[in-house]
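Here the structure comes first, spelled out in structure tokens, and everything after it is commentary.
The values are calculated or read from the model by the stated rules, or taken from the named source; none is laboratory data. Not measured: the values here are computed from a predicted model. Glycine also receives a Cβ, built like all others from the backbone with ideal geometry; neighbour counts cover every protein chain displayed.
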Amino acid sequence: MIQLGGHKLGIEKQLDKSFRFHYLPLGEPEEVVTAEETLLSNDNLKLKYRSSIFILGLDSYVFLMPNLIKKLPSNRIIYSQNENLTVDLVELLQKKCAEPIKFEEAHTIINEIFFGGQYGLRLDFEKIDISPLLKNQIEQFGRGEINIKDVNLVSQVQAISWRMTISLNANSLFEFWPEYELKGKGKVIFKLYIIDAVSYIPIKTYEIFNKKTPEPFLFKTGENRTILYVAAFLQGSIEKFSIREIHIRKSRAKHGNFMVNSSMIADRKHCNGQLAVYFDSGDFKPPLNVYFSGWRTAEGFEGAGIMNQVGGGGVPHLLIADERLKGGAFYIGSREFEAEVVSTISKYLKYLGFSKDQLVLSGISMGTTAALYYSSMLSPKAVIVGKPLVNLGTIAANERIDRPYGFPTSLDLLLLNEKTTSYDAQQHFNERFWSTFRKGKFKNTMFAIAYMKQDDYDSTAFDELFKFLKNKYPYSKITYKGLVGRHNDNTVGIVNWFMRQFENIMEEGFDRRSSNIE
């Protein structure tokens, strides 16, 4: 945490121990020079400060340094709501998603909103207990979904409970997000039991009835570490109750969850499964880089480090992560859900004043599916992918012989989308990607593709992509590299090549040169 100028805030002792407070005075010309030398390298913010929080002191000289403010990280700037600002400065701070606050509340706001790290988890699907009363009404699709069908319950029945308890930090705000669908005239009640981890005394029980609002349910832990236990109760006439993942995430209240000002896209047609979205406006100069996270059991974003480095740093970027299933559901969903992904990217392009030829889509492994799939709807300047996965039915089929027990989520994905794992279902699921991709307009789109030559997930993905693009767009630019090995044998090599292509496109297409930033 770095305060730039103004009267030094005496908040060090009130901040969480994870914060380190630094004060850079800007009262004298030499102090301004020292601050710039400390923070900048090659006219860009040094990499080690890109995750820092910046406090702009009251009446600080920094407000006469708009070029420095532009270089500070978006979503990580605080200033006094009593500051007397020009119209241009107000606009600049809004673009950087800076937060005006009461300085006397600074330590509280910093602790509650700007804490480090991403925390979120799914309740273990393998540790679900279902009431014996309902054993004849259960239908299960792998570890992706459980359905309870055609029951009439006069009183509340604890239908589902999770045989696991979660230990949560003290004095913290969390959010509860269930993926479920309810049909019929009955109701579902999720109960959250909060237990003191020291005394094991129950503190509070929260009841959440038929939650269909777009906002998560928020709850706060007590003075000690807390144990959380979750159960779902049903009552009344239930035609069908479907449950998928239950998510518990550390919350930043009105400022998102995983990262400050992150947001969510929910698939209302499919149990409210979500994608997480994080936008960094950077220096407001093209391009907008979009990075789709790969499959990961840890909730939250990946790729922030990559996006903070390419092009010398400061390039506007959008991180998107799929939070469904055990580690992601390959970014596909209902028509409305996919349209919202496209409209979200388009919204930020418009916000920055950019055109589609100033857009770059990227991803590795599962993220490649999204980058390629949505490129057909957005016609970007470039698509950069590593280890492409496009034949989703084939990926599931390979779980049987080529990759036994290697990626069972592929079977869950097939089941949820096709309701069966038959050969015909596999082929139909493959068409989910291709029927959309073939409609794309890629005349002015450059593709950079790194692939594994013995890929045990989707061995024909690169060949099919290359053949299609060259047949339909013979003059299109495709840069590619094949590495020896299976899908996960050389991720380091894939990432290194991926980064080089990003740097090439940043320099050749947008005159952004990389630099070694300390």
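Of note:
- All positions within segment 209-247 that are of a type in the set (Lys, Arg) and more than 18 Å from Ser161 (Cβ to Cβ): Lys212, Lys220, Arg225, Lys240
- With a requirement of 2 or more residues that are touching a residue at least 24 places away in the same chain (Cβ under 8 Å) and either of a type in the set (D, E, K, R) or surrounded by fewer than 19 Cβ atoms within 10 Å (Cβ to Cβ) (or both), the strands (runs of 3 or more DSSP E) lying completely within segment 380-486 that satisfy it span 478-483.
- When Tyr348 is tested against the conditions (1) over 20 Å from the mean Cα position of the chain (by Cα); (2) in a helix (DSSP H, G or I), the lone failure is (1).
- Segment 354-373, residues that are within 18 Å of Asn504 (Cα to Cα) and surrounded by fewer than 24 Cβ atoms within 10 Å (Cβ to Cβ): Asp357, Gln358
- Pairing residues of segment 253-271 that are on the phi > 0 side of the Ramachandran plot and modelled with pLDDT of 95 or more with residues that are part of a loop (DSSP other than H, G, I, E, B) and surrounded by fewer than 18 Cβ atoms within 10 Å (Cβ to Cβ), at Cβ distances under 6 Å and at least 6 apart in sequence or on separate chains, gives Asn261/Cys97.
Okay, residues lined up against (1) touching a residue at least 12 places away in the same chain (Cβ under 8 Å); (2) assigned to a loop (DSSP other than H, G, I, E, B); (3) not small (Gly, Ala, Ser):
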position	(1), (2), (3)
Leu275	yes, no, yes
Tyr278	yes, no, yes
Asn289	yes, no, yes
Trp295	yes, yes, yes
Gly300	yes, yes, no
Gln309	yes, no, yes
Gly314	yes, yes, no
Leu318	yes, no, yes
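- Residue in segment 200-209 that is outside any strand (DSSP E or B), on the phi < 0 side of the Ramachandran plot and not hydrophobic (A, V, I, L, M, F, W, C) present: no
- Members of segment 385-439 that are small (Gly, Ala, Ser), within 25 Å of the chain's Cα centre (by Cα) and in the same structural domain as Ala370 (by TED's automatic domain parsing): Gly386, Gly393, Ala396
- Among the residues of segment 96-114, those that are under 21 Å from the mean Cα position of the chain (by Cα) and charged (D, E, K, R) comprise Lys96, Glu112.
- Screening Thr205 against (1) touching a Gly at 6+ places or on another chain (Cβ under 6 Å); (2) surrounded by fewer than 16 Cβ atoms within 10 Å (Cβ to Cβ) leaves a single unmet condition, (1).
- Flag: Leu361 does not match the condition of being closer than 24 Å to Ile69 by Cα and part of a strand (DSSP E or B).
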